[in-house]
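The values are calculated or read from the model by the stated rules, or taken from the named source; none is laboratory data. In this text the structure is predicted, and so the values were computed from the model without any measurement. Please note: Cβ atoms are built from the backbone with ideal geometry, for glycine as well, and neighbour counts cover all protein chains shown.
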Amino acid sequence: MFWESVLIALEGLKANKMRAFLTMLGIIIGVGAVIAMVSIGMGVRQKVETSIAGLGSNLIIVMPGATTPSGVRLAAGSSTTLTNGDAQAIGREIAGVSAVAPSVQRSYQLVYGNQNWTTNVLGTTPEYLEVRNFAVAAGTIFSSKDIDTRARVAVIGQTVATNLFGEFSPLGQTIRINKAPFRVIGVLEAKGQSSMGQDQDDTVIVPLTTAQERLLGVTWLQNISVQAESPEVIDKVQEDITTLLRTRHRLAPGVPDNFTVRNLAAVMATAQETTSTITLLLGNIAAISLVVGGIGIMNIMLVSVTERTREIGIRKALGATFNNILLQFLIEAVVIGVTGGLIGIGVGMAGSYAISYFAGWNTVVSPISIIVAFGFSVLIGLFFGLYPARKAALLDPIDALRYE
Amino acid sequence: MTIALRDITKIYQMGDTTVHALAGVSLDVAAGEFTAIMGPSGSGKSTLMNILGCLDRPTGGSYLLDGEEVATLSDDALAVIRNRKIGFVFQSFNLLPRMSALQNVALPMVYAGVDKHARLEKAAWAMGLVGLGDRQHHRPNELSGGQRQRVAIARSLVNDPAIIMADEPTGNLDTKSGNEIMAIFNDLNAQGRTVVLITHEPDIAACAKRVVHVRDGKIIRDERNQEVAPCSGKASSSPSKA
Ligand SMILES: Nc1ncnc2c1ncn2[C@@H]1O[C@H](COP(=O)(O)OP(=O)(O)OP(=O)(O)O)[C@@H](O)[C@H]1O
Ligand SMILES: [Mg+2]
């Protein structure tokens, strides 16, 4: 009997193809919008997550200069409160720290032969690679001996390598940084763009002491990257660093920190929260159109029941029961929902592909959004079809047969 | 299959006025009888027929169909009785316009749970019976009035009901087609089915062995014809012309 009802319902839809399609359109647009919108939200989330993760895991960053309560850093980069000694003390005295990488950086012009390229030159220790998730693709990173001797060696990023050397291997070549000669001993593995859209491969890494003394002529640090041993100890490490630095900087109680300690896990959590909100918002807006589509189903089904009152009367006179008629109309509504939902999935996926292709946004079609949107369209068909179907099934055969 | 009505009333409330469409009807119909119901317009014939056919419920009284009280059955139970025990033929045919004649004929079997193959076979048989074997795939609007009524009769037969009921089955037809239809009813009755039909025309009523006269919602006369007039369309089981 169930399959009979399905067949009867399909016949009913076939008799009015255009109307069935237009009704479906509401669901198609609704499901498509949910999938496309959620894919945008998920795309943003994925992009933010990978770029934050790309910075390094369990990362804590210490910067000179105070933070105001609003989180804005004052005199960024120009403070001179962090020293090599601070960095060494963090590595030596704080439990739960697996690596410490102090650094300084400034933009310089690089020259090789007749090629030149202006980029960011970073002075740091070999631990920097580990802490910030960099890897050497060719050659090696410099050693701690190079740091002691302030050696003029450099490890260059892919973008720099391509711009200065083209197809040739840069290894062993000498480039000039701010007119001083440096030997290229390694090339970094490509890392792509950061969350801020920065090209992370457009960089040159040199020993910390070389950069401080031979290039910048300073003794202080601009940044200390600290890697905690595990996510669980991050908060504790962050606290300990603050305490240690306040002691080392002899800050009396009540005096604000003259440095800033930032925890990337916290940044990540905030970012995730934000992107989840965006996804939810986009999804909800799209879901409203799905509900509107459902109301469209109800509207058309009500018209259809009225129009087919006589048919219902004939069927009942011939022995159709309440359930027979209920099923017939309910299935019509669900078929509209299911078919609209399936087409909507296709439209949504195509839409999200088109968005990423034409607008260049990162989109991620999640299976969950497909399942949820599809399940919703079935439920909407059921829910908005139930009232008209019940109305049809409750018709009195004599009244229905008399209906003009 | 016997019909026993006792003091059946049907009252319609129209605002302030109450219409006694049936004002206490008692009627017994034995199995295998051919009964015609006659009466002026508005006398309550259709109201009575709808109650007999389990399409409607009386306001009061008792209706025993085969010994079972049906006046108080649920909607679904009535649907099952309409489906299995009674074949109903309407004045206005009441065929589904989007279906072929064959599908229309097969429709009661859908609700009886007969499988598709058996359904179509039986429907084709019934269409042959009413002389429309060659019109199976026509839509109702591609058939003449007489043919449509024959499709409706075929439809009333497919679940092998013991009773065939017809509310002015010839009312929309010319005399010739009307006679052909009556011949079919005669044949069905000859095969042992109970037939109850409403008619306005005395010659048609003359074919029936029993004529019940109704007026103002009451039975005023119940006569049995000693001699049944020969119903004009003699070649009943195969009306030759369409
Ligand atoms: N649904 C209804 N509501 C109110 N009154 C009704 C309804 N149906 C029938 N009636 C009234 O009941 C009475 C009997 O109607 P019915 O249809 O049974 O007459 P009939 O004998 O079949 O007439 P006809 O020969 O014209 O078909 C009429 O007075 C009619 O107005
Ligand atoms: Mg009538």
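Details
- Inside segment A:370-402, residues that are within 16 Å of ligand 2 (Cβ to nearest atom) and either among the basic types (Lys, Arg) or farther than 19 Å from residue B:74 by Cβ (or both) make up a count of 2.
- For segment A:306-318, taking the residues that are more than 54 Å from the chain's Cα centre (by Cα) and among the charged types (D, E, K, R), the one that is surrounded by the most Cβ atoms within 10 Å (Cβ to Cβ) is identified as A:316.
- For residue A:303, the test of being away from every other protein chain (no Cβ under 14 Å), touching a residue at least 40 places away in the same chain (Cβ under 8 Å), among the hydrophobic types (A, V, I, L, M, F, W, C) and part of a helix (DSSP H, G or I) is failed.
- Set A:275, A:321: member being out of contact with any strand residue (DSSP E or B) (no Cβ under 9 Å at 6 or more places or on another chain), surrounded by 17 or more Cβ atoms within 10 Å (Cβ to Cβ) and within 30 Å of residue A:58 (Cα to Cα): A:275
- Residue list for segment A:206-229, filter: in a strand (DSSP E or B) and crowded, with 18+ Cβ neighbours inside 10 Å: A:206, A:207, A:223, A:224, A:225, A:226, A:227, A:228
- Restricting segment B:154-182 to residues that are closer than 11 Å to residue B:204 by Cβ and among the hydrophobic types (A, V, I, L, M, F, W, C), the residue that is surrounded by the fewest Cβ atoms within 10 Å (Cβ to Cβ) is B:173.
- Only residues that are crowded, with 18+ Cβ neighbours inside 10 Å and within 9 Å of residue B:33 (Cα to Cα) were counted across segment B:188-207, and they come to 5.
- The number of residues in segment B:21-46 that are within 14 Å of another protein chain (Cβ to nearest Cβ) and either away from ligand 1 (no atom under 12 Å from the Cβ) or in contact with a Phe, Trp or Tyr (Cβ under 9 Å, 6 or more places away or on another chain) (or both) comes to 1.
- Whichever residue in segment B:115-137 is within 14 Å of chain A (Cβ to nearest Cβ) and without any contact (Cβ under 8 Å) to a residue 12 or more places away in the chain and, among such residues, is surrounded by the most Cβ atoms within 10 Å (Cβ to Cβ): B:116
- For residue A:243, the criteria (1) polar (S, T, N, Q); (2) surrounded by 14 or more Cβ atoms within 10 Å (Cβ to Cβ); (3) in the same structural domain as residue A:116 (by TED's automatic domain parsing) hold in every case but one, which is (2).
- Verdict on residue A:287 being assigned to a helix (DSSP H, G or I) and either in contact with a helix residue (DSSP H, G or I) (Cβ under 7 Å, 6 or more places away or on another chain) or within 14 Å of another protein chain (Cβ to nearest Cβ) (or both): yes
- For segment A:131-156, residues that are in a loop (DSSP other than H, G, I, E, B), in contact with a Phe, Trp or Tyr (Cβ under 9 Å, 6 or more places away or on another chain) and closer than 25 Å to residue A:51 by Cα total 2.
- Options A:18, A:37; residue that is part of a helix (DSSP H, G or I), at pLDDT 80 or above, surrounded by 22 or more Cβ atoms within 10 Å (Cβ to Cβ) and outside the structural domain of residue A:230 (by TED's automatic domain parsing): A:37
- Within segment A:162-205, tally of residues that are in contact with a Ser or Thr (Cβ under 8 Å, 6 or more places away or on another chain), of a type outside the set (A, V, I, L, M) and crowded, with 19+ Cβ neighbours inside 10 Å: 5
- Candidate set from segment B:47-69 (those that are within 14 Å of another protein chain (Cβ to nearest Cβ) and away from ligand 2 (no atom under 16 Å from the Cβ)); member that is farthest from the chain's Cα centre (by Cα): B:59
- If you filter segment A:259-281 down to residues that are modelled with pLDDT under 85 and among the aliphatic types (A, V, I, L, M), you find that the one that is farthest from residue A:235 (Cα to Cα) is A:271.
- Some residue of segment B:14-27 being more than 16 Å from ligand 2 (Cβ to nearest atom) and surrounded by 22 or more Cβ atoms within 10 Å (Cβ to Cβ): no
- Count of segment B:82-108 residues, restricted to those that are without any contact (Cβ under 8 Å) to a residue 40 or more places away in the chain and either more than 9 Å from chain A (Cβ to nearest Cβ) or over 18 Å from residue A:395 (Cβ atoms) (or both), is 3.
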